[in-house]
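Just so you know, all these numbers are worked out from the coordinates, no wet-lab data involved. Because the structure is predicted, anything quoted here is derived from the model rather than measured. Counting neighbours? That spans all protein chains shown, and the Cβs are built from the backbone with ideal geometry, glycine included.
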Amino acid sequence: MRSGPLNLITDVPGLRVGNAQDAALRSGVTVLTADRPFVAAVHVMGGAPGTRETDVLAPDKLVQEVDALFLCGGSAFGLDAGLGIMAGLRAMGRGFAVGPVQVPIVPGAILFDLLNGGDKDWTDSPYPALGRAALEAASDTFTLGTAGAGFGAMTGTLKGGLGSASAVLPSGITVGALVAVNALGSATVGESAHFWAAPWEEGAEFGGLGPAPMIPEDAPLPRKRLGEATTIAIVATDAALTKAQAHRMAIAAHDGMARALVPSHTLLDGDLVFSASTGARAMADPVTDSFQIGHAAATCLARAIARAVFMASAKPGDLQPSWRSRFGSNVKGS
């Protein structure tokens with residue numbers, strides 16, 4: 001495998017991602033959409049998820065394709081972002097046709113960032129407007145780190161953020177990952193600058209430091225209060241997958257989360273992975289290709305998680321240090 005030209009989930013042809021955030025709120029929204037509706041699925045492994053319209057993604061449900069997926073801060077309030085995204089898509093003429101009415105299908109998931117120091121004293125939810133703004137900003141390039149759904153994210157030890165990575169398989173199939181990292185666990189090993197995901201790093205995409213020279217016997221205690229966590233992700237491919245195959249891709253991708261965050265999938269995290277297939281490329285060998293797609297999804301997600309933390313930037317009022325402010329920016333990656 002090699003990274004795609006942008007090393008972003010948008011290396012999957014036809015996909016676009018948009019971010020919107022509010023610095024005072026210390027929260028934001030990230031939207032993934034495409035040129036046309038796409039197959040999607042989801043798998044939840046955390047004990048405290050917050051979701052919108054995920055039941056429709058089951059293989060036995062009527063709707064077979066969605067118009068967008070979103071990741072958002074704001075805990076349950078953030079689910080309102082879906083309303084703004086729906087409004088934007090409806091204005092574009094997108095949606096599942098029910099007679100003369102178009103109903104955009106927009107599943108999403110949220111993370112908890114209500115206690116990160118931002119101004120949460122609002123009366124009307126800011127998330128519908130942020131959702132629509134993120135949709136309208138959708139492009140093949142987008143900001144990582146302190147941006148979108150990861151703007152106010154934290155981990156057990158350092159600031160979290162928004163990450164992405166991609167891979168191109170020998171078959172030509174492209175796989176990508178997008179993630180908002182707000183974990184109870186840590187992306188780095190002990191008190192070191194080394195990332196748990198180091199064995200899967202491509203080049204110096206998150207510093208090129210390599211694996212930690214020693215694994216500590218005791219991991220540092222999380223510096224977040226219980227219930228403040230959740231890592232939410234999307235993995236995508238241009239391979240033509242059914243909803244059942246997309247579901248298996250989401251399941252496999254959770255391996256990448258476990259590689260990059262220690263601990264992960266706890267009772268106190270709402271960890272989940274959406275998967276998406278644009279269907280642009282037929283699989284020559286469905287069994288072999290599906291196996292490779294799942295492995296690539298896990299690898300890309302591990303890399304994306306490390307990039308999210310690596311790219312996070314320091315902001316006034318932060319409750320945690322960023323990786324760069326703690327360990328310095330004199331590294332090979334960018």
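Is the shape of the range 1-63 rounded, prolate or oblate, going by the alpha carbon gyration tensor and its root eigenvalues a ≥ b ≥ c, with a/c under 1.5 for rounded and a/b larger than b/c for prolate? Judged from the Cα gyration tensor, the range 1-63 comes out oblate (a/c at least 1.5, b/c at or above a/b). Here percent of Cα pairs over 39 Å apart was computed from the coordinates, and among (1) 14; (2) 18; (3) 7 the match is (3). In order along the range 190-201, the phi-based Karplus estimate (6.51 cos²θ - 1.76 cosθ + 1.60, θ = phi - 60°) of 3J(HN,Hα) comes to x, 9, 8, 7, 6, 8, 4, 7, 3, x, 10, 5 Hz; Gly and Pro are listed as x. Each residue of the range 254-268 was assigned a 3J(HN,Hα) from its phi angle through the Karplus curve 6.51 cos²θ - 1.76 cosθ + 1.60 (θ = phi - 60°); the sequence is 4, 4, x, 5, 5, 6, 9, 10, 10, x, 10, 6, 7, 4, 9 Hz, with glycine and proline shown as x.
Largest GNM mean-square fluctuation among L79, L135, L25, using the chain with Cα springs under 10 Å: L25.
Each Lys and Arg Cβ is given +1 and each Asp and Glu Cβ -1; about its Cα centre, the range 9-328 then shows a dipole of about 240 debye. Here the peptides 116-129, 311-324, 64-77 are ranked by packing, the mean other Cβ count within 10 Å, and the order with the highest first is 64-77, 311-324, 116-129. Based on the Cβ-Cβ distance from E65 to A212, what FRET efficiency comes out when R0 is 30 Å, to the nearest 0.05? After rounding, the FRET efficiency stands at 0.10.
Summarising the amide proton neighbourhood of D269: residues at separation of 5 or more, or on other chains, whose placed amide H is nearer than 5 Å comprise G47, A48. The residue list F112, N7, L261 was ranked by how far each Cα lies along the charge dipole of the chain toward its positive end, using unit charges on Cβ atoms, and N7 comes out on top.
Taking every DSSP helix (H) stretch of at least 4 residues in the chain, weighting each as -39,500 (n - 2.57) and dividing the sum by the residue count yields a mean residue ellipticity at 222 nm of -7000 deg cm²/dmol. Applied to the range 278-289, the Karplus parametrisation 6.51 cos²θ - 1.76 cosθ + 1.60 on θ = phi - 60° returns per-residue 3J(HN,Hα) values of 7, x, 6, 10, 6, 8, 5, 9, x, 6, 5, 5 Hz, with x for Gly and Pro.
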